[in-house]
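This report concerns only the one structure given below.
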């Protein structure tokens, strides 16, 4: 769990705010489409539709006391593309990139969380590994 995004100020809310810590929590549903597939490579695109909240706390200049920000609903939308390299029949590595756009988000937080995303993946298919050891012919099935 991250400690949140730290900002020096959030002057659009109040010019006297000196420090802010924001936390973004959300869950998504997604659709993934394979664009290319062969024994060694797999290329796909994904779209995520999310629902969550931004929460946090802030303090004013020359004050030690932190105040709680009201929790705000957010609706992230993320589009990405990734590429897997199949090392063998049960393990793959991959990476990709995309962009996260924060729909229905307060303007002062939208600029912070609208951003490119980087993706690193390791896929270990344990069930396929087990089945492949029990039936070696399944190792050739992709």
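The values are calculated or read from the model by the stated rules, or taken from the named source; none is laboratory data. Predicted, not measured: the structure shown is a model, and the values here were computed from it. Neighbour counts are summed over all protein chains in view; Cβ atoms, including those assigned to glycine, are modelled from backbone coordinates with ideal geometry.
Quick notes on this one:
- Residues within the stretch 24-48 that are loosely packed, with under 14 Cβ neighbours inside 10 Å and not in a loop (DSSP other than H, G, I, E, B), tallied: 12
- Within the stretch 126-142, the set of residues being in contact with a strand residue (DSSP E or B) (Cβ under 9 Å, 6 or more places away or on another chain) and loosely packed, with under 14 Cβ neighbours inside 10 Å comprises 142 only.
- The lone criterion from (1) in contact with a strand residue (DSSP E or B) (Cβ under 6 Å, 6 or more places away or on another chain); (2) under 30 Å from residue 136 (Cα atoms); (3) at pLDDT below 95 left unmet by residue 39 is number (1).
- Taking the stretch 121-138 as the range and being more than 18 Å from residue 41 (Cβ to Cβ) and assigned to a helix (DSSP H, G or I) as the test, the residues that pass are 126, 127, 129, 130, 131, 132, 133, 134, 136, 137, 138.
- Qualifying residue in the stretch 83-95 (condition: over 30 Å from residue 136 (Cα atoms), in contact (Cβ under 8 Å) with a residue 12 or more places away in the chain and either part of a strand (DSSP E or B) or in contact with a strand residue (DSSP E or B) (Cβ under 6 Å, 6 or more places away or on another chain) (or both)): no
- Single unsatisfied condition, residue 118 versus (1) in contact with a strand residue (DSSP E or B) (Cβ under 6 Å, 6 or more places away or on another chain); (2) surrounded by 14 or more Cβ atoms within 10 Å (Cβ to Cβ): (2)
- Residue 65 farther than 16 Å from residue 31 by Cβ, outside any strand (DSSP E or B), at pLDDT 90 or above and touching a strand residue (DSSP E or B) at 6+ places or on another chain (Cβ under 9 Å): yes
- The set of residues in the stretch 66-94 being more than 15 Å from the chain's Cα centre (by Cα) and under 15 Å from residue 34 (Cβ atoms) consists of 83, 84, 85, 86, 92, 94.
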